[in-house]
Amino acid sequence: MNKIKNLFLLVAAALTFAACENGHENNLPNNPNHKECYEGKMVVDQNDGSFYEQNSVEVDYEIYDGKINFAMYKVKFASGMPLKLDMVVEGVDFEENNGVYTLSADGVVPYAMGGPFEQFTITQLTGEITETTMTLDFLCGEYPVTYSGSK
Amino acid sequence: MKRWITIIAIFIASSLAAQTHTETLYRDIEGVEITASLKGEKGDAAPVSATILPMLKLEERGVTSVKEISALSPNFYQPEYGSSITSSIYVRGFGSRIDQPVLGVIIDNVPVMNKNAFDFDFYDIRRVELLRGPQGTLYGRNTSGGVMNITTLSPLVWQGVRTMAEYSTVASYRTSAAYYALPRNNFGISVAAAFTHDGGHTLNAFTDEICDSGNSGSARVRMQWHRGAWSLDNTLSAGYTSEGGYAYHHYDPTTHHIEDVEYNDPSSYKRLTINEGFTAQYVNNKVRVSSVTSYQYLDDTMTLDQDFSPKSMFTMQQMQREHTITEEIVIRNSNENDKWQWLSGAFIFAKWLDMSSPVTFKEDGINDLIVGNINENIHKVFPDNNMTIREDSFVINSDFKIPTYGAALYHQSSYRLNRWNFTAGLRLDFEAAQMRYNSNATVNYMFDYTMSDFKQLQSTFAGNENDTFFEILPKIAVQYYYGSRDRGNVYATVTRGYKAGGYNTQIFSDILQAQMMNDMMSDLGIELDSAVGTTTYDSASATRYKPETTWNFEIGTHLNAAKGLHIDASMFWIECFDQQVTVLPKGKNTGRMMSNAARSRSIGAELSADYSYKGLNINLNYGYTNAKFRKYNDGNADYAGKFLPYAPQNTINVVIAHTWRFDNDNIQMLTLSADWRGIGSIYWDESNTLKQPFYSLLGANISLRMRDLTLTLWGRNLTNTRYNTFYFKSVGEEFFSQGRPIEVGIRLNLNI
């Protein structure tokens, strides 16, 4: 029993260490410069046949250490959610072709409310960023999310 | 006990050896005091409602502070609660709990510029003159309810030694000693000092100690000189008080039970005041020119358990240091028999207030007021996670520098035409105020779902505000004399007064508290749908309040109706604009603030009658006020038509006294008096749901004068009536302050 307990503690400590080491190192601002952001509609499939839509969602991105980090500002994932939060997704793979970035990622833990947000791990992420448009398609936890914005 | 027997023995021995001149002391010798009547109108003849309390009446009634004049003057009420910093004065329905007062207090021609210093020890006061209704034309700011002119005993009027000692059943004692001398025919000097110990009467059930006891001491040196047309008068006074207080009983609105006072953090008030006033006067057969210069220093510290409960929520310490300089020049005609009486004046002042008000949030306060607010919303999404703050307590510092400058010009003329007297006056008041503020706090917080360690959050709210105010204060009055001027007159007046504008420093901890929550939300990248992190006021400019102005329409009479019978009666109608009302921000907030949120009116009547026949004296003062909001909506409710809170609708005081004079070497006079004071009803809230019904306080005095020694046995609230003097809400809880219980005392006065 003690061995199992110790193993659990070890795993927990390792995860904590990993989270800290990897922690939210992007340069995306908390208060974005609105002129630089893409602005558009985010749609969240509620998995019950209904969709939650949020307009005027601002999204910003940066290229950092060979990866793309992007931030979605003041987003809600359901109408009953009593708060909006800033969600930062770091370490997204991309390919660049004539100024168009094609995104892909799987199993990325987003950052929100001061730390990693494992409840809403991003999977099956695809997307495209041009100078004037941005599209995203991913699963946030178990909820399918699409975003389409422009400058 | 031995100490008191010794004191009494010394008094009696001194008395028997002394020459009697007590009668001289109490004789009203208006006019002898060469610097009196700076602005001149004699209250009992002028077109104004006034109460005059000469020295003998003040001492017979045991008046030891401004508060004790409540109800002695109709429609004048200053409840006793809190501590000496609390000088909430109500006149004719209007008043204020905080900030600017409705009444100006003037001591020996010097206006007291900070109401925190209004509650001072009364001793050797020769005369109190309370003028009711706006006195803005002659006295300017903060006199919309009236003016209290206090004159201390002058060494040019009386010379000798005065001592007083008093002891009462609430383990309180007062003592004073003064020496008045006339070293030269044209030079007088007096030195006076007083000490008071108030044993207090309210037990704090948490500490099992009396919480409202205190000590105060004061001293005054006055020098007066006159030669030919010139006279000089200089008074230097200092006072210190150190006291407990804030005996606020928690009130349970569901059971209507008023509980014991029970708070856990220390509460006290300490104040040092130093006042220097210099009056110079030149008189010839045409004009009288007066100059009054003053310097006023106030240094006080108020320490409060601001939740007034056994919980460790939050405490506040407000430290103020204020320097004030005033200068007033008055020029008027010197011959009181001239048909045209005129008076012109200029007044300037400068105040520099340095204030620090740190609010310490303690464990319960952090959990209830800050973290609790945030978690209530967070739990809707993350029911098992919490926001926590590492500190057991943290401080919201709020520092202010508030300089205020003012200047005024005024003129008043009266013209007498047979039985008529017409008066018109105008004053221009200008005031500039600035507030530099800096509120800040640092905490370490953590949201345990996403954060593995605490993160430091620093919030700062700093800046400055500038404002200017300009007021025009006219006055028109008409008097008609019944016959000879001694018979009295009937008058009608229209006057305008105002209370100055200013800044709400007491709301800054609320603003910063809200900003901290917002900063925390921003730091976390979240935005709550509900109103967490908001306060009623979120910018410094919103904490500014404007002057409150009043127009007073009044008719009245001063009538010597028969031999020994003097009657003063008046009826008034007051319209109040931009009324400054105390607003408590919504929810569980900690501050309070003044807002120009209301428009109101007050109508009422006042009657004073004094009848003397041989040794009998009957004195009656009755005031009725019906003061209601015309408009007031605080966002929660519309209070139009409701009575203004905190001001009594009725004040009444009846004193029946009989004095027997004896042709005896040892006993000269015996006075028995009984007084009845009634006050109420008083509504405690704008919705008029809570009120103090009309209550009565019965008092009695027996005074025996033996040569220059006067022995007085006195009693107050002899029926031990329980009554409330104040009500307020803090952090969503309700509290009452209660009046003093039965008190019986003995006083010895010696004048040699």
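FYI, it's all coordinate maths here, none of it is from the lab. Because the structure is predicted, anything quoted here is derived from the model rather than measured. Glycine also receives a Cβ, built like all others from the backbone with ideal geometry; neighbour counts cover every protein chain displayed.
How shielded is B:372-383 by partner chains, expressed as the average number of their Cβ atoms within 10 Å of its Cβ atoms?
Working: counts 0, 0, 0, 0, 1, 2, 3, 1, 4, 9, 3, 0.
Average per residue, whole number: 2.
Between A:Glu62 and A:Ser150, the modelled labels are 2.8 nm apart [label points 7 Å from Cα along Cα→Cβ]. When chain B is described by a simple charge dipole with +1 on each Lys and Arg Cβ and -1 on each Asp and Glu Cβ, the residue from B:Gly425, B:Val581, B:Val744 located farthest towards its positive end is B:Gly425.
Restricting attention to the protein assembly as shown, close to 100% of DSSP beta bridges with both partner residues there are antiparallel. Neighbour counting of Cβ atoms within 10 Å sorts the residues B:Ile366, B:Ile682, B:Ile331, B:Ile702, fewest neighbours leading, into B:Ile702, B:Ile331, B:Ile366, B:Ile682. Put in line by how crowded their Cβ is, counting other Cβ atoms within 10 Å and starting with the fewest, B:Lys115, B:Lys729 read B:Lys729, B:Lys115.
Only aspartates and glutamates eight or more places from A:Lys84 in sequence, or on another chain, were considered; those with a Cα closer than 14 Å are A:Glu53, A:Glu58, B:Asp523, B:Glu527, B:Asp529. Restricting the range B:242-329 to trypsin sites (Lys or Arg not before Pro) that sit in a DSSP loop and have at most 13 other Cβ atoms within 10 Å of their own Cβ leaves B:Lys286. Scanning residues 5 or more positions from B:Tyr246 or on other chains, those with amide H under 5 Å from its amide H are B:Gly82, B:Ser83, with H placed 1.01 Å from N in the peptide plane.
Computed per residue of the protein assembly as shown from DSSP H runs no shorter than four, each worth -39500 (n - 2.57), the mean residue ellipticity at 222 nm is -2500 deg cm²/dmol. Could you tell me the distance between the Cα centroids of the range B:80-115 and the range A:104-147, to the nearest Å? When both Cα centres are located, 64 Å separates them.
Summarising the label geometry, the points placed 7 Å from Cα in the beta-carbon direction at B:Tyr480 and A:Asp106 lie 10.4 nm from one another. A dipole drawn for the protein assembly as shown from +1 and -1 charges on Cβ atoms has a positive end, and of B:Tyr498, B:Gly623, B:Thr324 the residue lying farthest that way is B:Gly623. Projecting the Cα positions of A:Gln124, A:Gly80, A:Val108 onto the charge dipole of the range A:77-148 (unit charges on Cβ atoms of Lys, Arg, Asp and Glu, taken about the Cα centre) puts A:Gly80 furthest along the positive direction. Karplus-derived 3J(HN,Hα) values for the range B:595-607, using 6.51 cos²θ - 1.76 cosθ + 1.60 with θ = phi - 60°, are 9, 7, 9, 10, 9, 8, 9, 9, 10, x, 8, 9, 9 Hz; glycine and proline are entered as x. Can you give the angle from 0 to 90° between the axis of helix B:508-524 and the longest principal axis of chain B, with both taken from C-alpha atoms, to the nearest 10? Result, in degrees: 10. Averaging the Cα positions of each part gives two centres, and for the range B:675-752 and the range B:124-147 these lie 24 Å apart.
Against chain B, whose longest principal axis is taken from its Cα atoms, helix B:372-381 shows a tilt of about 30°. Local charge for B:Ala205 was computed over the other residues whose Cβ lies under 9 Å away, with Lys and Arg +1 and Asp and Glu -1, and equals -4.
Inter-chain neighbour count for A:114-126: the average number of beta-carbon atoms from partner chains within 10 Å of each residue's beta-carbon is 3. Look at B:His566, B:His379 and count the other Cβ atoms within 10 Å of each Cβ; fewest to most, that gives B:His379, B:His566.
Dipole size of the range B:201-751 about its Cα centre, with +1 on Lys/Arg Cβ and -1 on Asp/Glu Cβ: approximately 3380 debye, rounded to the nearest 20.
The amide H of B:Phe120, built 1.01 Å from its N in the peptide plane, has B:Val66 as neighbours under 5 Å, considering only residues 5 or more places off or on other chains. Past 29 Å, Cα to Cα: identify those pairs from B:Lys455/B:Lys729; B:Lys311/B:Lys351; B:Lys67/B:Lys311; B:Lys39/B:Lys401; B:Lys339/B:Lys475, in the order given. Correct reply: B:Lys455/B:Lys729; B:Lys311/B:Lys351; B:Lys67/B:Lys311; B:Lys39/B:Lys401.
Ordering B:185-197, B:120-132 by mean Cβ neighbour count within 10 Å, with the highest value first, yields B:120-132, B:185-197. Dipole magnitude for the range B:459-527: about 980 debye, using +1 per Lys or Arg Cβ and -1 per Asp or Glu Cβ, origin at the Cα centre. Rounding to the nearest 10 and keeping the result within 0 to 90°, find how far the Cα-based axis of helix B:2-17 lies from the longest principal axis of chain B. Value to nearest ten degrees: 30. The peptide list B:247-255, B:437-445, put in order of mean Cβ contacts within 10 Å with the highest first, becomes B:437-445, B:247-255.
For B:Lys339 and B:Asn633 in one chain, what is 0.36 nm times their gap in residues minus the Cα-Cα distance, to one decimal in nm?
Details: separation 294, 0.36 × 294 = 105.84 nm, distance 5.00 nm.
Fully extending the segment from B:Lys339 to B:Asn633 adds 100.8 nm.
Determine, from the Cβ-Cβ distance of A:Phe51 and B:Asn386 and an R0 of 35 Å, the FRET efficiency 1/(1 + (r/R0)^6), rounded to the nearest 0.05.
Numbers: r = 32 Å, r/R0 = 0.91.
For R0 = 35 Å, the calculated efficiency reads 0.65.
The Cα atoms of chain B cover 92, 62, 46 Å along the three principal axes, with the biggest extent listed first. Counts of other chain beta carbons within 10 angstrom of each beta carbon in peptide A:78-85 average 5. Rounded to whole numbers, the Karplus 3J(HN,Hα) couplings from phi for the range A:57-74 are 7, 9, 10, 10, 9, 8, 9, 9, 6, x, 10, 9, 10, 9, 10, 10, 9, 6 Hz, using 6.51 cos²θ - 1.76 cosθ + 1.60 with θ = phi - 60°, and x at Gly and Pro.
For the protein assembly as shown, the Cβ-based charge dipole about the Cα centre amounts to some 6180 debye (Lys, Arg positive; Asp, Glu negative; other atoms uncharged). Placing a pseudo-label 7 Å from each Cα along the Cα-to-Cβ vector at B:Arg487 and A:Glu95 gives an inter-label distance of 11.5 nm. Around the amide H of B:Thr207, modelled in the peptide plane, lie the amide H atoms of B:Tyr263, all under 5 Å away and 5 or more residues distant in sequence or on another chain.
In percent, rounded to a whole number, the relative contact order of the range B:201-751 is 8, using alpha-carbon pairs under 8 Å and six or more apart. Couplings for the range B:205-210, taken from phi via the Karplus curve 6.51 cos²θ - 1.76 cosθ + 1.60 with θ = phi - 60°, read 5, 6, 9, 6, 10, 5 Hz in order; Gly and Pro are left as x.
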